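Single-structure report; data block below.
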Amino acid sequence: MKIWIIMAQENPSHNKEGRKWRSNTLAEYFANRNHEVIRWRSSFSHQKKVQLKKNSVKEKHNNYFHQYIKSRSYKKHISLLRFLNHWDLARNFIRIAKISARPDFVHIANVPIELAYSAASYCYKRNIPYIIDIRDLWPDIYLDLVPNKLPILKKISSFLIYIMYENKLN
């Protein structure tokens, strides 16, 4: 069985501190049972703010593969460049997925809405079973930054987020 695990962020299994994320555990679990596993992830490290790879490349990691998705860098968690990074991930995922061997199942783990939408659309159009694992508050976290003393600004911010993501959430 071919399994894709789509995870946009840094691979914590390379980190000596902390616990592994579900995507790492799932990749190891399925790979140890002789399934062909590819973990898709960004070329840009969100935690370290550095490019890990210059291009979209596929590399062997223990008994499964990492497929890096080329995306632009950003310095601040809250910035236009971060939105553009997410757009890069979604667009480049589709480009690579179309020329990759078709998976039997896809697990979409804690990724930006743009990438989740692209991956789910890819699977839906090809009748590939998938699951979306949601843990992140992005982009709703922006609403928490708007002071409660400015309710009109909170409404405007909420409306802007709705406009940007409405077609991806339905």
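The values are calculated or read from the model by the stated rules, or taken from the named source; none is laboratory data. Quantities reported herein were computed from a predicted structural model and do not represent experimental measurements. Because the Cβ atoms are built from the backbone with ideal geometry, glycine has one as well, and the counts that use them run over all protein chains shown. Areas reflect the complete protein model, heavy atoms only, side chains present, ligands, DNA and RNA absent. Shrake-Rupley method; radii C 1.70, N 1.55, O 1.52, S 1.80 Å.
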- Task: Go through segment 96-132 and count every residue that is open to solvent by less than 30 Å² (accessible area, probe 1.4 Å) and either in a strand (DSSP E or B) or among the charged types (D, E, K, R) (or both).
- Result: 5
- Query: Does SER73 qualify as being open to solvent by 10 Å² or more (accessible area, probe 1.4 Å) and part of a helix (DSSP H, G or I)?
  - Reply: no
- Task: May I ask you to list pairs of residues, at least six apart or on different chains, whose Cβ atoms are under 7 Å apart, with the first in segment 26-50 being more than 30 Å from TRP87 (Cβ to Cβ) and the second being open to solvent by 40 Å² or more (accessible area, probe 1.4 Å)?
- Result: ALA31/ASN63; ASN32/ASN63; HIS35/MET1
- Residue by residue through segment 68-100, note down the ones that are within 14 Å of GLN47 (Cα to Cα) and hydroxyl-bearing (Ser, Thr, Tyr). SER73, TYR74
